[in-house]
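Q: Just dropping this structure here.
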Amino acid sequence: MVLYTWCRASAAPLHPVILIPGAGGNQLEARLTETYKPSSLLCNRWYPLKKDPDGWFRLWFDPTVLLRPFTKCFNQRMKIFYDPQIDDYHNAPGVQTRVPFFGSTEGLLYLDPYLKKTTSYMEPLVKSLEKIGYVNGQNLFGAPYDFRYGLAAEGHPCEVGSKFLSDLKTLIESASASNGGTPVILLSHSLGGLFALHLLDRAPVSWRHIVKHLITLSAPWGGTVDEMLTFASGNTLGVPLVDPLLVREEQRSSASNMWLLPSPAVFDPAKPLVITPNASYSSVDIGSFLRDIGFPEGVHPYEARVLPLVERLPPAPGIPITCVVGTGVETAETLVYGAGGWDERPEVAYGDGDGTVGMVSLLALQSAWGELKNQSVKVVEIGGVSHTSVLSDGAALDAIVAEVSSINSQLSADLIHLF
């Protein structure tokens, strides 16, 4: 009967797949309450005009961020705050947020459904998976989250990030149960890979069998030098017309951005990553770096909550892992600032990577676990593919689908043997 049900559902049995996006890879909605205090008349509660009956509107991605006056509104509403009294982060006063479409791929396809062509995110990947039999809500699921929040070291509260891990764990269990108890493939992009790895690390060993395989795309296991540019000078992330200095404050507030600063477990502590006329900073100097760029309030949460989380990689989870990475794209290795200070753009010394994450970070799991007998780590390198184009490039999509199909072929073989 079980075999008959599977055959009717698709030509071959499939492990359910859960997609976990990277930072900025899903829609985020907000609502303004009476305690919201706008920074200008333009940022008043009437903006934006388009809201649902309960006052919710799309905060990310909102194309009005491209207009300088509204960039300030965006900065104010996206910013989160660290409260030392509770040792955790919270939204700006008067701003409520929520993540729509949890469990579905809908919020991952486009960042703005009215600008599908220019804000496409996981749409090409989802379409590729659909071609081999995957169906949204049946054996294909999405796990969007509030990507401004990260995780914290043991002993520190982390309400938003911990809830996401709990919701993801529940989704994995539900996806498996609704597919006849078949173990799940986790397929993540960028920051999503870190969340997936920490979920496995924090879950009981006896539970992990419910995850068949973790496939990561462009995962920054040890953070990125590019993140130091973000904290020092702001980062437009390729969005045109935006002044990076206008979004720098919001980007510095992001707990997940702080999580992605270069890790001393991966980056050589003796290698300078940022050089100025007066000082240089390596992966063991992040606290001093944050203080010197004019962000002293970031030093304590980094040193207390983030550093213990990243100063060593989690133990190998015992679940097979495939890392799909882009190579051959110029990637920041060292930032050199002149006398103009942090508001000026630095000169950049480049190395190999995917344009955002360097090879030392992309290959960190292979370097750490490659010789372990109880941990499979496979790396698929794709030349010329960038951090984000791994989700749309034809060769990359073929490689991802081939990996998923290979995992599913073993399921078919096991079922044939069973029956």
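Q: Mind checking which pairs have a first residue in the stretch 381-396 that is open to solvent by 40 Å² or more (accessible area, probe 1.4 Å) and a second that is of a type in the set (S, T, N, Q), Cβ under 7 Å, 6 or more apart or different chains?
A: Between residues of the stretch 381-396 that are open to solvent by 40 Å² or more (accessible area, probe 1.4 Å) and residues that are of a type in the set (S, T, N, Q), the close pairs are E381/T327; G383/T327.
Q: A further question on this structure: Taking only the stretch 151-173 into account, find how many residues are exposed (fewer than 15 other Cβ atoms within 10 Å of the Cβ) and among the β-branched types (V, I, T).
A: Total meeting the criteria: 1.
Q: I've got another one for you. Testing P346 on (1) in contact with a Gly (Cβ under 9 Å, 6 or more places away or on another chain); (2) within 23 Å of G150 (Cβ to Cβ), one condition comes back false. Which one is that?
A: The number of the failed condition is (2).
Q: Does P277 count as buried (at least 19 other Cβ atoms within 10 Å of the Cβ), farther than 23 Å from Q251 by Cβ and not basic (K, R)? Steps first, please.
A: Working: buried (at least 19 other Cβ atoms within 10 Å of the Cβ): no; farther than 23 Å from Q251 by Cβ: yes; not basic (K, R): yes.
Criteria not met by P277.
Q: Within the group S288, S263, which residue is buried (at least 21 other Cβ atoms within 10 Å of the Cβ) and either closer than 24 Å to G340 by Cβ or under 22 Å from the mean Cα position of the chain (by Cα) (or both)?
A: Details: S288 fails: buried (at least 21 other Cβ atoms within 10 Å of the Cβ).
Answer to the selection: S263.
Q: Checking the conditions here, which among D343, D352 is among the acidic types (D, E), more than 19 Å from L194 (Cα to Cα) and without any contact (Cβ under 8 Å) to a residue 40 or more places away in the chain?
A: Details: D343 fails: without any contact (Cβ under 8 Å) to a residue 40 or more places away in the chain.
None of the other options fit; the residue is D352.
Q: From the set of residues in the stretch 177-204 that are part of a loop (DSSP other than H, G, I, E, B) and free of Cβ contacts under 8 Å to residues at least 12 places away in the same chain, which is least open to solvent (accessible area, probe 1.4 Å)?
A: Of the residues in the stretch 177-204, the ones part of a loop (DSSP other than H, G, I, E, B) are 178-183, 190, 203-204.
Adding the requirement that they be free of Cβ contacts under 8 Å to residues at least 12 places away in the same chain leaves 181, 204.
On the way: G181: 49, P204: 74 Å².
Checking each candidate, the answer is G181.
Q: Do the conditions hold for Y82, that is, is it hydroxyl-bearing (S, T, Y) and either open to solvent by less than 20 Å² (accessible area, probe 1.4 Å) or in contact with a helix residue (DSSP H, G or I) (Cβ under 8 Å, 6 or more places away or on another chain) (or both)? Spell out how you get there, then give the answer.
A: Details: hydroxyl-bearing (S, T, Y): yes; either open to solvent by less than 20 Å² (accessible area, probe 1.4 Å) or in contact with a helix residue (DSSP H, G or I) (Cβ under 8 Å, 6 or more places away or on another chain) (or both): yes.
For Y82, the condition - hydroxyl-bearing (S, T, Y) and either open to solvent by less than 20 Å² (accessible area, probe 1.4 Å) or in contact with a helix residue (DSSP H, G or I) (Cβ under 8 Å, 6 or more places away or on another chain) (or both) - is met.
Q: What do you reckon, is P13 part of a loop (DSSP other than H, G, I, E, B) and either touching a Leu at 6+ places or on another chain (Cβ under 6 Å) or in contact (Cβ under 8 Å) with a residue 40 or more places away in the chain (or both)?
A: Judged against the criteria, P13 is a match.
Q: I'd like the residue in the stretch 92-150 that is basic (K, R) and either assigned to a loop (DSSP other than H, G, I, E, B) or at pLDDT below 95 (or both) and, out of all such residues, is surrounded by the most Cβ atoms within 10 Å (Cβ to Cβ). If you could, list the steps in order and put the result at the bottom.
A: Going through the stretch 92-150, the residues basic (K, R) turn out to be 98, 116-117, 127, 131, 148.
Right, trim to either assigned to a loop (DSSP other than H, G, I, E, B) or at pLDDT below 95 (or both) and you get 116-117, 131, 148.
On the way: K116: 12, K117: 7, K131: 10, R148: 24.
Result: R148.
Q: For the stretch 41-71: of the residues being of a type in the set (A, V, I, L, M) and buried (at least 18 other Cβ atoms within 10 Å of the Cβ), which is farthest from L241 (Cα to Cα)? Quick ask: steps written out before the conclusion?
A: Looking only at the stretch 41-71, we keep the residues that are of a type in the set (A, V, I, L, M), and these are 41-42, 49, 59, 65-67.
Cutting the leftovers down to buried (at least 18 other Cβ atoms within 10 Å of the Cβ) gives us 59, 65.
Details: L59: 18, V65: 9 Å.
This residue is L59.
The values are calculated or read from the model by the stated rules, or taken from the named source; none is laboratory data. Everything numeric here is computed off the predicted structure, so don't read it as measured data. Heads up, the Cβs are rebuilt from the backbone with ideal geometry, glycines too, and the neighbour counts pull from every protein chain shown. The area values use the complete protein model at the heavy-atom level, side chains included, leaving out ligands, DNA and RNA. Shrake-Rupley method; radii C 1.70, N 1.55, O 1.52, S 1.80 Å.
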